[in-house]
Amino acid sequence: MFFVLSKLLDFVLEPALWLVGLPVAALVARSAKWRYRLLLAAVVLGVVLTNPGLSNELLRQWELPPMRLSQLQPQPYDAAVLLTGITDSRRGPADRVYLDRGADRFTNALWLYRAGRAKRIIISGGSGSLQPKPGVRTEAQDLTVLLRLAGVPTQHIWLETQSRNTRENAQNTKALLQQRLPSTKPRLLLVTSAFHQRRAVGCFNKAGLQVTPFPAGYLTVQRQTTPAYWLLPSSEALQQWSVLLHEVAGYIVYRLLGYA
């Protein structure tokens, strides 16, 4: 039920839905006063939600800052835990893997392994679909294909393919580690998007796993002083607002439910 409700919340919090819904509501409103209010709200929201400077600055405050290799402990970590959510199974042909937004999660996990900072890579994630198609590879399996093509040995790739959300990522990763490394307290690097790190770290800590966050897949850019940065409407701003609203809401819900 929680999984279904989370999908519904994602739909309700979509800014594009508001920008379409308010003018439609204004058209069907019987009162002239309400038509004016709804249209005014649509205009104000349109200006705010398409302002690239505002959306970028707010999302920059939410994303965790980047981590340099020099900031990590010199002794290799037991694993880099790579959270999925970065491939697009809708594209074709289906004989290859298509990386989507957030692909830096994958390249950063591979970088940590190649740099000798992680002994292995744990890929955590199943299907995020309400109705997953039978026989279709999970995202973890897709990313395994890419790691193997990059020369990572099979024994250094551990898979967890059942998780549907961040809480399950943490719980199922813990179960995997208890099975594979039962007598140790593993040192882990958590690789996920910078905007997702707060919720992910909270879930892993709640599950009893101490992790070092390694943010990747930044959606923001450096602050600029050009007029275009603050004044020119941008579709990217709408996307940033969508990510920020979804993630902040998810973080609050997880905290209220005791998941993070």
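The values are calculated or read from the model by the stated rules, or taken from the named source; none is laboratory data. Quick caveat, the model's predicted, so the values are computed rather than measured. Positions of Cβ are backbone-derived with ideal geometry, glycine not excepted, and every protein chain shown enters the neighbour counts.
The criterion of at least 2 residues that are more than 25 Å from V248 (Cα to Cα) is met by the following strands (runs of 3 or more DSSP E) wholly inside segment 140-224: 157-160.
Please state which one of N165, N172 is in contact with a Ser or Thr (Cβ under 6 Å, 6 or more places away or on another chain) and of a type outside the set (V, I, T).
Values: N165 fails: in contact with a Ser or Thr (Cβ under 6 Å, 6 or more places away or on another chain).
None of the other options fit; the residue is N172.
State whether the residues of segment 222-230 include one that is at pLDDT below 95 and touching an Asp or Glu at 6+ places or on another chain (Cβ under 9 Å). Yes - at least one qualifying residue is present in segment 222-230.
The rows are residues; the columns are (1) in contact with a helix residue (DSSP H, G or I) (Cβ under 6 Å, 6 or more places away or on another chain); (2) basic (K, R); (3) assigned to a loop (DSSP other than H, G, I, E, B).
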residue: S89; (1), (2), (3): no, no, yes
residue: G92; (1), (2), (3): no, no, yes
residue: R96; (1), (2), (3): no, yes, yes
residue: G102; (1), (2), (3): no, no, yes
residue: T107; (1), (2), (3): no, no, no
residue: L112; (1), (2), (3): no, no, no
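Would it be correct to say that T154 is out of contact with any helix residue (DSSP H, G or I) (no Cβ under 6 Å at 6 or more places or on another chain), without any contact (Cβ under 8 Å) to a residue 24 or more places away in the chain, of a type in the set (S, T, N, Q) and under 30 Å from Q239 (Cα atoms)?
Numbers: out of contact with any helix residue (DSSP H, G or I) (no Cβ under 6 Å at 6 or more places or on another chain): yes; without any contact (Cβ under 8 Å) to a residue 24 or more places away in the chain: yes; of a type in the set (S, T, N, Q): yes; under 30 Å from Q239 (Cα atoms): no.
So T154 does not fit the description; no.
Is it the case that P66 is loosely packed, with under 15 Cβ neighbours inside 10 Å, farther than 30 Å from L231 by Cα and not aliphatic (A, V, I, L, M)? In short, no.
Does R198 satisfy the criteria of being surrounded by 15 or more Cβ atoms within 10 Å (Cβ to Cβ), closer than 24 Å to F11 by Cβ, outside the structural domain of N56 (by TED's automatic domain parsing) and of a type in the set (K, R)?
Working: surrounded by 15 or more Cβ atoms within 10 Å (Cβ to Cβ): yes; closer than 24 Å to F11 by Cβ: yes; outside the structural domain of N56 (by TED's automatic domain parsing): yes; of a type in the set (K, R): yes.
Yes; evaluated as a whole, the condition is true for this residue.
Out of all the residues in segment 223-237, is one or more closer than 30 Å to E168 by Cβ, of a type in the set (A, V, I, L, M, F, W, C) and buried (at least 16 other Cβ atoms within 10 Å of the Cβ)? No, every residue in segment 223-237 fails to be closer than 30 Å to E168 by Cβ, of a type in the set (A, V, I, L, M, F, W, C) and buried (at least 16 other Cβ atoms within 10 Å of the Cβ).
Could you list, in sequence order, all residues of segment 226-260 that are over 18 Å from K206 (Cα atoms) and part of a loop (DSSP other than H, G, I, E, B)? Residues satisfying the conditions are T226, L232, P233, S234. Looking at G126, G116, just one residue is surrounded by 15 or more Cβ atoms within 10 Å (Cβ to Cβ) and assigned by TED's automatic domain parsing to the domain that holds L190, and that residue is G126. Inside segment 114-139, residues that are within 18 Å of H196 (Cβ to Cβ), at pLDDT below 95 and not in a helix (DSSP H, G or I) make up a count of 4.
Just one of the numbered conditions (1) touching a residue at least 40 places away in the same chain (Cβ under 8 Å); (2) surrounded by fewer than 12 Cβ atoms within 10 Å (Cβ to Cβ) is not true of D142; which one? It is condition (2) that D142 fails.
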